[in-house]
1. Going through the range 223-240 one residue at a time, which ones are outside any strand (DSSP E or B), touching a strand residue (DSSP E or B) at 6+ places or on another chain (Cβ under 9 Å) and not small (Gly, Ala, Ser)?
2. Out of the range 61-104, which residues are acidic (Asp, Glu) and in contact with a Phe, Trp or Tyr (Cβ under 9 Å, 6 or more places away or on another chain)?
3. Please list, ordered by first then second residue, the pairs with beta carbon atoms under 7 Å, 6 or more apart or interchain, first in the range 177-188 and within 23 Å of THR241 (Cα to Cα), second aliphatic (A, V, I, L, M) and assigned to a helix (DSSP H, G or I).
4. When you go through ILE38, ILE14 one by one, which is the residue that is under 16 Å from ASN131 (Cα atoms) and either surrounded by 23 or more Cβ atoms within 10 Å (Cβ to Cβ) or aliphatic (A, V, I, L, M) (or both)?
5. Which pairs turn up if I take residues in the range 158-176 that are without any contact (Cβ under 8 Å) to a residue 60 or more places away in the chain and surrounded by fewer than 23 Cβ atoms within 10 Å (Cβ to Cβ) and look for partners that are in a helix (DSSP H, G or I) and not hydrophobic (A, V, I, L, M, F, W, C) with beta carbon separation below 7 Å, at least 6 apart in sequence or on another chain?
6. Within the range 121-165, can you find the residues that are part of a helix (DSSP H, G or I), of a type in the set (D, E, K, R), over 20 Å from ASP58 (Cα atoms) and touching a Gly at 6+ places or on another chain (Cβ under 9 Å)?
7. Tell me, which residue of the range 187-230 that is among the acidic types (Asp, Glu) and farther than 26 Å from ASP154 by Cα is surrounded by the fewest Cβ atoms within 10 Å (Cβ to Cβ)?
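Values in this text are rule-based calculations from the coordinates and carry no lab data. This one's a predicted model, so the numbers in the text were calculated from it and none came from an experiment. Counting neighbours? That spans all protein chains shown, and the Cβs are built from the backbone with ideal geometry, glycine included.
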Amino acid sequence: MKQVALVTGGTRGIGAAISKALKDAGYAVAATYREDHISADAFHVETGIDIYRWDVADFDACVAGIKAVEAALGPVDILVNNAGIIRDNALHKMTKDEWDIVIATDLGALFNMCRSVIERMRSRKFGRIINISSINGQKGQFGQTNYSAAKAGDLGFTRALALESARAGITVNAICPGYIRTSMLEAIPHEVMEKDILPLIPVGRLGEPQDIARAVVFLAADAAGFITGATLSINGGQYMT
């Protein structure tokens, strides 16, 4: 029987690449989305991957959604917390809503999702949890106090849950992508990309969504069972710790 992988925000960008890579690696995959029906439906038609709609910032929605996934596919063995949003603004201009929604979606969702699977993972003595953080959670970023705080929180959450779960056969790791070629970055003017962004990246190029997806597949595998509480930085050398 195939192991089941659940990828939040798994129908677009980095999440879509992760979902596809896990399917290609032999997992039964479920991908969540929140709003973009058109992209989600197109992703399902293209890949055959089951899609589910819920807001990962809503605890009750996560509980209900995971129950639906497990009823259809079986217990979740691999959880990839990828869903995230940005609401950029300098702190002196940031609204309370801009702060709250990013913290709830980019950090609170880790509690919502992990709390909804962790007991069953512990009872089976197996689980893989992979949290997609960000380079900006490591170094900070102008106009992103909300996002950087949430993504830094993801790293602390990862290490603490890894300690709690290690004896139960569950690994918990984080990946921090740098600048990855997605639709958001493609909207940046070419001259800004060439002048202000690429010079910061020692390898001289943007990352590809598949760069992140390959790392997820590695961390999900049985062969990665001795890796837990780790942060894997995939940023072309832009930020080294």
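1. Selection gives PHE226, ILE227, THR228, ASN235, TYR239, MET240.
2. ASP77, ASP88
3. If the second residue must be aliphatic (A, V, I, L, M) and assigned to a helix (DSSP H, G or I), the pairs left are PRO177/ILE14; PRO177/ILE135; PRO177/ILE212; GLY178/ILE135; TYR179/LEU185; TYR179/ILE197; ILE180/ILE14; ILE180/ILE212.
4. Being under 16 Å from ASN131 (Cα atoms) and either surrounded by 23 or more Cβ atoms within 10 Å (Cβ to Cβ) or aliphatic (A, V, I, L, M) (or both) holds for just one of ILE38, ILE14, which is ILE14.
5. Pairs found: ALA168/ARG122.
6. Across the range 121-165, the qualifying residues are ARG122, ARG124, ARG159.
7. Selected residue: GLU191.
Results for (1) within 19 Å of the chain's Cα centre (by Cα); (2) hydrophobic (A, V, I, L, M, F, W, C), shown as yes or no for each residue.
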| site | (1), (2) |
| --- | --- |
| TYR147 | yes, no |
| GLY156 | yes, no |
| ILE170 | yes, yes |
| LYS195 | no, no |
| GLU208 | yes, no |
